[in-house]
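Visitor: Dumping the structure here so I can ask a few things about it.
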Amino acid sequence: MLSLIGLIGGLLLLIVLTIRGMNLFIAAPLCALIVALTSGLPIFIGDINFVTSYMQGFSGFIASWFFMFLLGSLFGKFMEDTGAADSLARWIISKLGRQQAVVAVVLACAVLTYGGVSVFVVAFSVYPMALSLFKDANLPRRFIPAALAFGSVTFTMTSAGSPEIQNWIPIKYLGTSPFAAWEVSLVVAIFMASFGFWWMRKMINKAIANGEKFEARSHDPEIPERDYPHPLTGIIPLLVVLVLSFLLHDSLQQLALIVALGGGVLCLMVINFKYFHHLENAVTAGTTGALIAIGNTAAVVGFGSIAKSTVAFQTAVEVMAQIPGNELIGAAIAISVIAGLTGSASGGQVIALPLLAPGYLEQGVDPDELHRIVSISSGALDSLPHNGYVVTTIRAICHETHQQAYWALGALTVVVPLCGVALAIALFSFI
């Protein structure tokens, strides 16, 4: 019981401290320490202890994602510094109109995500364009994280055919394909996209009616008008990233992102070299931003490593795996809760599926239906305030605070996917 109280209390404290803006390098290990102490996990002694477990999660994430964060951050800064992002944004505004700025940001994220670019990297790549679009359309910038996240982690990340790992992990345990239950997935994706667009537009219109508008900040890029390159110079590097990621995904897996982003960075440098405002400053800002972003995310991942090692967590997983009643509802609840506890959609799947899959398949549950429910439900409660992607997008990339930006992001990445899961279950029940 003490372990369970510590686990829930530590998680809630981390969420509160994150929303209040506390430094995650302090907040995450502090909350993890509370979880460890209440679970009887040794601090220093033994093969499994607090320091070792936390740092394994922390350093493991950095080892896996450092080059992607670095190249993604450099790509974004180069788009800013050369003026390619501003040029592309102004071209989009001239073609679609200012009222479609949000649509352009969401669609750009959706295309990159469905093309195989990791959701962590998509925000780095699209943010410069998003900032320019919101500035030109005079929209409140606190909604930029919501637009980036909505296009990346809702109707694209977990849909049939998506190359993101949240759609591929179930294949190993269920023997399905990436296109499992594509008919229902398509309906759910259209619903989430439509509902999310409507809700986002309503939130932004309400903010505008209350007098909110775009507010420039001192760290925003300032490129002279005469230095803007052709809009194509902003499109081509994005296409290079998308095409290389798509072509190399199957053969290189995650390493394809390094090649794709490296190609995008080189492409930007070649075609826009004469437009760089201050290359050295862009490199410095890009590398510093990458370190801050990956550090914040790794700090939260370390908390998840401690949470997974506790008795309460293991008991919770076992209980979740034995939820009575409709198996699809049970799977959705189990995956959602575990993803929420770990702050990771993929983590929730990897932990729960080995326990859920054998029993459900033996009971005759359709593996394609189970695959789609697992995938969609993993992308709901994982987007609580302490989620690494959420922290990176709001703080490190968009330079916002959780108090200002999270509520719109949470509505679109938690509530909308939960509604999508409910719709999927209902459709499977009537098919």
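The values are calculated or read from the model by the stated rules, or taken from the named source; none is laboratory data. Remember, it's a predicted structure, so these values are computed and weren't measured experimentally. In this analysis, Cβ positions are derived from the backbone assuming ideal geometry, glycine residues included, and neighbour counts consider all displayed protein chains. Heads up: the accessible areas ignore ligands, DNA and RNA and are worked out on the full protein's heavy atoms, side chains in. Shrake-Rupley method; radii C 1.70, N 1.55, O 1.52, S 1.80 Å.
Visitor: Taking only protein heavy atoms into account and a 1.4 Å probe, give the accessible area per residue of the chain in Å².
Guide: That works out to 41 Å² per residue.
Visitor: For the range 107-148, what log10 I(q)/I(0) values come out of the Debye formula at q = 0.16, 0.23, 0.27 1/Å, with one point per alpha carbon and no solvent?
Guide: Normalising to I(0) and taking log10 leaves -0.38, -0.72, -0.91.
Visitor: If you don't mind, another one. So what J values fall out for the range 339-355 if you push phi through Karplus, 6.51 cos²θ - 1.76 cosθ + 1.60 with θ = phi - 60°, rounded to Hz, Gly and Pro as x?
Guide: 5, x, 5, 8, x, 8, 5, 5, x, x, 5, 4, 6, 7, 4, x, 8
Visitor: A further question on this structure: For the chain, what relative contact order do you get, as a whole percent, if you take Cα pairs closer than 8 Å and at least 6 residues apart?
Guide: Reported relative contact order: 26 percent.
Visitor: Can you tell me the dipole magnitude for the range 78-136 around its Cα centre, using point charges on the Cβ only (Lys, Arg +1; Asp, Glu -1), in Debye to the nearest 20?
Guide: Dipole of the range 78-136, to the nearest 20 debye: 220 debye.
Visitor: Using only alpha carbons, build the gyration tensor for the range 225-280 and give me the equivalent ellipsoid semi-axes, biggest first, whole Å.
Guide: Semi-axes from the Cα gyration tensor: 26, 12, 6 Å.
Visitor: Quick one: compute the contact order of the range 1-150, relative version, from alpha carbon pairs under 8 angstrom and 6+ residues apart, as a percent.
Guide: 19 percent
Visitor: Shape verdict for the range 144-199, please, from the Cα gyration tensor: rounded (a/c under 1.5), prolate (a/b greater than b/c) or oblate.
Guide: oblate
Visitor: Ok, one more. If I model a spin label as a point 7 Å beyond the Cα along the Cα-Cβ vector, how far apart are those points for Ile8 and Ile208 in nm?
Guide: 4.3 nm
Visitor: Quick check: Cα centre of the range 121-140 to Cα centre of the range 1-45, how many Å?
Guide: Distance between centres, Cα-based: 34 Å.
Visitor: If I compute solvent accessible area with a 1.4 Å probe over the protein chains, what percent of it on the chain is carbon and sulfur?
Guide: Of the solvent-accessible surface of the chain, carbon and sulfur hold 67 percent.
Visitor: Alpha carbons only, please: Rg and Dmax for the chain, in angstrom.
Guide: Computed over the Cα atoms of the chain, radius of gyration and Dmax are 21.3, 67 Å.
Visitor: Mind checking which lysines have their C-alpha under 24 Å from Lys206, skipping anything on the same chain fewer than 8 residues away?
Guide: Here the lysines satisfying the reach criterion relative to Lys206 are Lys135.
Visitor: So what's the gap between the Cα centers of the range 237-266 and the range 174-192, to the nearest angstrom?
Guide: Spelled out, the Cα-based centre of one part sits 25 Å from the other.
Visitor: Can you send over the solvent-accessible area of Glu212, 1.4 Å probe, protein chains only, in Å² to the nearest 10?
Guide: About 60 Å², ignoring ligands and nucleic acids.
Visitor: Let me make sure I get this right: for the range 142-264, a, b and c are the square roots of the gyration tensor eigenvalues over alpha carbons, sorted descending. Under 1.5 in a/c it's rounded, otherwise prolate if a/b > b/c, else oblate. Which is it?
Guide: oblate
Visitor: So what J values fall out for the range 99-115 if you push phi through Karplus, 6.51 cos²θ - 1.76 cosθ + 1.60 with θ = phi - 60°, rounded to Hz, Gly and Pro as x?
Guide: Using θ = phi - 60°, the values come out as 5, 9, 4, 5, 4, 4, 5, 4, 5, 4, 5, 5, 5, 5, 5, 6, x Hz.
Visitor: Moving on. Between Ile171 and Asn49, what length comes free when the chain is fully extended (0.36 nm per residue of separation minus the Cα-Cα distance, one decimal in nm)?
Guide: 40.6 nm
Visitor: With a 1.4 Å probe and all protein chains kept in place, how much accessible area does Glu318 have, in Å² rounded to the nearest 10?
Guide: Spelled out: Glu318, probe radius 1.4 Å, area about 110 Å².
Visitor: So, one more: In the neighborhood of Glu400, defined by Cβ-to-Cβ distances under 10 Å, what is the net charge if each Lys or Arg adds +1 and each Asp or Glu adds -1?
Guide: Neighbour charge sum, excluding Glu400 itself: +3.
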